[in-house]
Amino acid sequence: MREYLKYLKGDPVIWIITILLMAFSLVTVYSFVPILVKIEGGSPLQYLGKHLLYVIIAFSAMFFIHRADAKYIGQLAKFSYYLAILILLFTMFFGTQVNDAGRWIKIPFIGLTFQSSDFAKLALIVYLSRLLVKKKDKFNDWKEGIFPVLLPIIVICFLILKDNFSTAAMLFMLSFTMLFIGRVPILKLFTMMGVGVALVVLVISIHKATPQLNILPRYDTWVSRYNSKMDETSVDLIKNAQANNAKLAIHNGSFLGQGVGDGKLKEFLPEAYADFYYSSFVEEFGLVSAVFLILMYMILLLRIIRIALKTDDLFQTYVCMGIGIHLLIQASINMLVCTGVFPVTGQNMPFLAMGGSALIMACVSIGIVQSFAYQLQKRKISGSETNFQSSSES
């Protein structure tokens, strides 16, 4: 392992966890796709091959970015943000419909799809980090400090909201967590949150008043999922079959699981390989493995926070904190949905679930963190060499 890790700079623990999760995803994707084979045809090997291609692309992107100079990440922050807006607008008007939601862009010639919100989330984290540094001395002024930071959050979340409420809500809360870390005054934070909630209520009111405009095409789906969660006893069992089967799969898993490939409920969970990944995982690998998986994500977060606290660059600190919290929140939501704590949403497990854009952007995020960690290593080596030269001369 050390022989290969010498080519991977940065934090070795993060590398080991990320690579293990991605390698393990090949096993679980192959095991969890029977329902997809039933619905769309093909074979498990076909979907495994497609996922393997995404794994190779994701790892290559992560490797390339972690070797790049960290200064370029900050320089590309503004460009990435505006590119994200353009991609979201393109998706809104020309996106490919999947499960009644137009969240995807189909890549010509190769037949792969890309979910635009996955890129937009990372772009906003990086751009918001840059703004928090730039405006850090102006947060007592609404015009000079608060509005320039708030506007990018509202724009990205609003563009995502139309087809993906859960992602927009998660990103909104993540952004305000970053504002809190960036020492924006608490009173102003609550005021901004109130404005954000008011805007959502306004959009919903306009949608209900003028349904012919179809501003929120998935509004009825959101309401149905919320009602299903709030009053499970009065909900049609057929309509609520996904959530019920997810909880039953966890129950069937017990302590040690049914064994790889022997899970039964995965054949009745439409998104067993993505949105209901945790349920399928527990059914086949058991509670013990589930606890180990949670520990892996916790260790990953702690190592990222460690890098954030070590760097003397405030921009890098904010980016690392945003990325670490985002990955943990996404994994937590998947677990909470599968266990019935949250209503059904579309958040999958980072590095594990089948999917292209989510996996690629998660690896790009880790590549950015490792780029910062690599820069810390180079500074440490440079400082050691300088001290050695000074002691030799004396």
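The values are calculated or read from the model by the stated rules, or taken from the named source; none is laboratory data. From a predicted model like this one, the values you see are computed outputs, not experimental measurements. With ideal geometry, Cβ positions are generated from the backbone for all residues, glycine too; neighbour counts draw on all protein chains shown.
Numbers below:
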item	result
Whichever residue in segment 337-374 is aromatic (Phe, Trp, Tyr) and not in a helix (DSSP H, G or I) and, among such residues, is modelled with the highest pLDDT	351
Residue list for segment 200-218, filter: in contact (Cβ under 8 Å) with a residue 40 or more places away in the chain and in a helix (DSSP H, G or I)	203
Hits in segment 16-71 - residues which are in a helix (DSSP H, G or I) and among the polar types (S, T, N, Q)	18, 25, 28, 31, 46, 60
Any hit, segment 132-146, residues being among the hydrophobic types (A, V, I, L, M, F, W, C), touching a residue at least 40 places away in the same chain (Cβ under 8 Å), over 23 Å from residue 368 (Cα atoms) and surrounded by fewer than 16 Cβ atoms within 10 Å (Cβ to Cβ)	yes
Among (1) farther than 16 Å from residue 339 by Cα; (2) touching a residue at least 12 places away in the same chain (Cβ under 8 Å); (3) among the hydrophobic types (A, V, I, L, M, F, W, C), the one test that residue 272 misses	(1)
Residue check, residue 138 assigned to a helix (DSSP H, G or I), at pLDDT below 95 and basic (Lys, Arg)	no
Criterion: in contact with a Leu (Cβ under 8 Å, 6 or more places away or on another chain) and either surrounded by fewer than 22 Cβ atoms within 10 Å (Cβ to Cβ) or touching a residue at least 60 places away in the same chain (Cβ under 8 Å) (or both) - qualifying residue of 366, 360, 325, 305	325
Those residues of segment 113-122 which are over 10 Å from the mean Cα position of the chain (by Cα) and closer than 11 Å to residue 153 by Cα, in sequence order	120
Residues (surrounded by fewer than 14 Cβ atoms within 10 Å (Cβ to Cβ) and aromatic (Phe, Trp, Tyr)) located in segment 1-59	4, 7
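Condition check ((1) in a loop (DSSP other than H, G, I, E, B); (2) at pLDDT 90 or above; (3) aromatic (Phe, Trp, Tyr)) across all residues:
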site	(1), (2), (3)
147	no, yes, yes
150	no, yes, no
156	no, yes, no
172	no, yes, yes
176	no, yes, yes
192	no, no, no
195	no, no, no
198	no, no, no
